[in-house]
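Only one structure is covered here, and it is reproduced in the block below.
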Amino acid sequence: MLATETRTAGTVAVHASPALAEADRLMTVCNSCRYCEGLCAVFPAMEMRRSFADGDLNYLANLCHACGACYYDCQFSPPHEFDVNVPKVMAKVRAESYARYAWPGFLSGAFERNGLVIALAAAFGVAGFIGGFIAWHDPAVLFGTHTGPGAFYRLMPHNAMALLFGVAFLYAILAIGFGVRKFWRDIGAPPGTRSDPKNILQAIRDAGRLRYLDGGGAGCMNEDETPEDRRRLYHHLTFYGFMLCFASTSVATLYHYLLGREAPYPWWDLPVVLGTVGGIGLVIGPVGLLKAKWRRDPMMLDETRYGMDVAFILMLLLTSVTGLALLVLRATPAMGTLLAVHLGVVFALFLTLPYSKFVHGIYRYLALVRYARERFHHFGEPEAKLV
């Protein structure tokens, strides 16, 4: 990225990209106005500083929940000559931060340019490999009917399945961990921010209920300028659906290794109940988020990141749909094909996690931790009592 200069009151700030330079300009304008300080956490955090380094701007961008309220409330938004469009510029800075902190960096560019194509190619490539490998050994196994404990492992041995997806999952954790470390260092969090329980608990509360996705109480803005709060609902369904599916897999792992019980499990058993409820959430939530994304005012969107954002939501949706289909048809000849497709989609989801919008949830949570610390440091009490 090219370095860009921003001039403010006779001083020159050098930024790593035009988007960061534009964010600096907007924060300087907004800091002079402060009309939007009650809408979300971004503007009170902005008021605690008089200049904005790249790390500060990345912090503010990931603190932004893209509700759009400030765009419609601002007297300087387009077509005003000041051209203040905070949601769009913050979206660009956030997208750049995903690439800036990604590890290894060269993969981020490939996913950013061709995210949806790579995700789908990986999903169906792995599915084709698994299905083809099974069919090459014995077509009757792939298209046969298998029931009872261990039915899935008649198609693919458990150890092979655990190794393949364990490696993919550990890679995702490692890559995300390196990115989180770089982000935390860059935003220059004050000493003691992570270790103070007050900061962590406040951030958990704010993130868990998506507190700042309400536009100061009115809701998120759309192309018809009508605020509504369904984006918050869809985000909740997606997040908690994902967590329930993760819990389902974790319980099934404990069943296998501690109790010696092999999948598939009966419909009333805990892994199936958790996976079913989570899967339904991961259908309704992503579909709602895609619909909400198409309804957003294009003036507030970063069109260059649209493909990778859609890729992540689509992979979540495909993971849920193929998983639910496998649950319903697991005692039929379709089970082998559905298992191969589901495993391929899950593998592609793991592969793309460090380079997709998945990381925005982690960075946003860390930004909320820092914000809680800043508020307590400046005012001596949590922000929840002040706004």
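Some points to look at:
- Selection of the range 149-180 for residues being free of Cβ contacts under 8 Å to residues at least 40 places away in the same chain and either touching a Gly at 6+ places or on another chain (Cβ under 9 Å) or closer than 23 Å to H256 by Cα (or both) yields R154, P157, N159, A160, A162, L163, G166, V167, L170, I173.
- One residue alone among E47, E37 is over 25 Å from R232 (Cα atoms), among the acidic types (D, E) and in contact with an Asp or Glu (Cβ under 8 Å, 6 or more places away or on another chain), and that residue is E47.
- Per-region count, the range 252-274, residues in a helix (DSSP H, G or I) and open to solvent by 20 Å² or more (accessible area, probe 1.4 Å): 11
- Listed by first and then second residue, the pairs linking a residue in the range 201-213 that is closer than 12 Å to R232 by Cβ to a residue that is open to solvent by 30 Å² or more (accessible area, probe 1.4 Å) and at pLDDT below 90, with Cβ atoms under 6 Å apart and 6 or more places separating them unless they lie on different chains, are L210/R232; L213/R232.
- Only a single item in (1) on the phi < 0 side of the Ramachandran plot; (2) surrounded by fewer than 20 Cβ atoms within 10 Å (Cβ to Cβ); (3) modelled with pLDDT of 90 or more is not met by D83, and it is number (1).
- Looking only at the range 341-377, and only at residues there that are of a type in the set (S, T, Y) and part of a helix (DSSP H, G or I), the one that is farthest from the chain's Cα centre (by Cα): Y371
- Restricting the range 355-369 to residues that are modelled with pLDDT under 90 and open to solvent by less than 30 Å² (accessible area, probe 1.4 Å), the residue that is nearest to M243 (Cα to Cα): S356
- Output for the range 40-69, where each listed residue is surrounded by 21 or more Cβ atoms within 10 Å (Cβ to Cβ) and part of a loop (DSSP other than H, G, I, E, B): C40, A41, F52, C64, H65, A66, C67, G68
- Failed item, numbered, when M156 is tested on (1) outside the structural domain of T249 (by the TED database); (2) part of a loop (DSSP other than H, G, I, E, B); (3) of a type in the set (A, V, I, L, M, F, W, C): (1)
- Residue under evaluation G148, criteria (1) part of a loop (DSSP other than H, G, I, E, B); (2) closer than 25 Å to E303 by Cβ, criterion not met: (2)
- Among residues of the range 25-38, those that are open to solvent by 10 Å² or more (accessible area, probe 1.4 Å), closer than 29 Å to R181 by Cα and touching a residue at least 24 places away in the same chain (Cβ under 8 Å), counted: 1
- Per the listing L316, L290, the residue uniquely closer than 24 Å to S97 by Cβ, touching a Pro at 6+ places or on another chain (Cβ under 9 Å) and either among the aliphatic types (A, V, I, L, M) or free of Cβ contacts under 8 Å to residues at least 12 places away in the same chain (or both) is L316.
The values are calculated or read from the model by the stated rules, or taken from the named source; none is laboratory data. In this text the structure is predicted, and so the values were computed from the model without any measurement. FYI the Cβ positions are ideal-geometry reconstructions off the backbone, even for glycines, and counts take in every protein chain you see. The protein model used for the area step is the full one, side chains on, heavy atoms only, and it has no ligands, DNA or RNA in it. Shrake-Rupley method; radii C 1.70, N 1.55, O 1.52, S 1.80 Å.
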